[in-house]
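In what follows, a single structure is set out as structure tokens and then discussed.
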Amino acid sequence: MNAQIEDRVAVVTGGSSGIGFETLRLLLGEGAKVAFCGRDDDRLASALAALQGEYPEAEILAQRCDVLQEEQVKQFAAAVAERFGGVDMLINNAGQGFVAHFADTPREAWLHEAELKLFGVINPLQAFLPWLERSDIASVTCVNSLLALQPEEHMIATSAARAALLNMTLTLSKDLVEKGIRVNSILLGMVESGQWRRRFENRTDKSQSWPQWTGEIARKRGIPMGRLGKPQEPAQALLFLASPLASFTTGAALDVSGGFCRHL
Ligand code: NDP
């Protein structure tokens, strides 16, 4: 199926690893021009080199930008507009979770989670909105978590902040519909990517391999499909929602959790 995004411009925040990186690969495979950001120069450079290696003819912009720094986001948007002359799809992916129960969650972590989940979307949306308004296929797609609807005690701050993001995303979909901008999100379960790799590297029991370690997490948590997701799987959902394939869909939250979802 053709995603109808050839020569269109997609922006992915946090594209230097994991789900964001796989999303860029899919977008490029469909002929889109892409821009992505991250905070670490080395990770950006190696992601850019890998994408250029796979798609030597493609138009790709990589820029260092922390989505929580409003000025940096404005500069990123200006660079994208100058290079590509517009933006059709904004994919808000940058972020990470905070693992702690209530007793171990300091005030700073609450504030940071709230800031990351909300302003990680608000800053890019404000910066790219003038360009999205001019696109005839405009979309905003947010990476969110199943925690928004199914909170976990060991991620209390992230769960609450994710719920706020889901709430905001639905309101944005109503607010922006008259400008022709669709707003959707995906609700992730557990997906193999940078966050899990870092937790694997810091594990106390080093006897387990990656497949054993992730398989045990899936079993212990009761993921019906018996495994963590691969980053390509949420990337496919993001490509669908961001592209005109989902032209009659706005305000949706698509579950990508391997059946982990238990709410109605
Ligand atoms: P990764 O750590 O592999 O990727 C995160 C990406 O975001 C990196 O490119 C990172 O680059 C970038 N990033 C992080 N913070 C910022 C920031 N403030 N500004 C700009 N870029 C940033 O993780 P995932 O692929 O797993 O995560 C992608 C999204 O999915 C995140 O929002 C995460 O919270 C969410 N998610 C993931 C789940 C999972 O199981 N994997 C579950 C639920 C949600 P750099 O560090 O260089 O800035």
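The values are calculated or read from the model by the stated rules, or taken from the named source; none is laboratory data. This one's a predicted model, so the numbers in the text were calculated from it and none came from an experiment. In this analysis, Cβ positions are derived from the backbone assuming ideal geometry, glycine residues included, and neighbour counts consider all displayed protein chains. Areas reflect the complete protein model, heavy atoms only, side chains present, ligands, DNA and RNA absent. Shrake-Rupley method; radii C 1.70, N 1.55, O 1.52, S 1.80 Å.
Projecting the Cα atoms of 260, 222, 176 onto the charge dipole of the chain, computed from C-beta unit charges around the Cα centre, puts 222 farthest toward the positive end. A 1.4 Å probe over all protein chains sorts 105, 171 by accessible area into 171, 105, starting with the largest.
Approximating the spin labels as points 7 Å out from Cα along Cα→Cβ, the residue 209-to-residue 52 distance works out to 3.5 nm. For the set 207, 173, the ranking by accessible area, highest first and with no ligand, DNA or RNA atoms included, is 207, 173 under a 1.4 Å probe. Absence of a disulfide-compatible partner, taken as no other cysteine beta carbon within less than 4.7 angstrom, is noted in the chain for 142, 261. Among 135, 105, 238, flag the residue with its Cα farthest along the positive direction of the charge dipole of the chain, charges on Cβ as +1 for Lys/Arg and -1 for Asp/Glu. The one lying farthest along the dipole's positive direction is 105. Expressed as a whole percent, the accessible surface of segment 126-264 that belongs to carbon and sulfur atoms is 55, based on a 1.4 Å probe.
Could you check how many percent of all C-alpha pairs in the chain are farther apart than 34 Å? Roughly 14 percent, rounded to a whole number.
Relative to the dominant Cα principal axis of the chain, helix 107-132 is inclined by about 20°. A cut-off of 5 Å between modelled amide H atoms, ignoring neighbours fewer than 5 places along the same chain, links residue 257 with 189.
The accessible area of residue 115, taken with all protein chains in place and a 1.4 Å probe, comes to roughly 80 Å². For segment 59-98, report the translational diffusion coefficient in µm²/s to the nearest whole number, using Stokes-Einstein at 20 °C, 1.002 mPa s, and a Kirkwood Rh over Cα pairs. Diffusion coefficient, whole number: 189 µm²/s. With all pairs of different C-alpha atoms in the average, the Kirkwood value for the hydrodynamic radius of segment 95-196 is 14.5 Å. Accessible area per residue for the chain is 48 Å², calculated with a 1.4 Å probe on protein heavy atoms, without ligands, DNA or RNA. Rounded to the nearest 20 debye, the dipole magnitude of the chain is 680 debye, with +1 charges on Lys and Arg beta carbons, -1 on Asp and Glu beta carbons, and the Cα centre as origin. How far is helix 210-221 tilted off the main Cα axis of the chain, in degrees rounded to 10, range 0 to 90? Around 70 degrees separate the two axes. Along its three principal directions, the equivalent ellipsoid of segment 1-154 from the Cα gyration tensor extends over semi-axes of 28, 17, 15 Å, largest first.
The simple spin-label model puts a point 7 Å past each Cα toward its Cβ; for residue 177 and residue 115 those points are separated by 3.4 nm.
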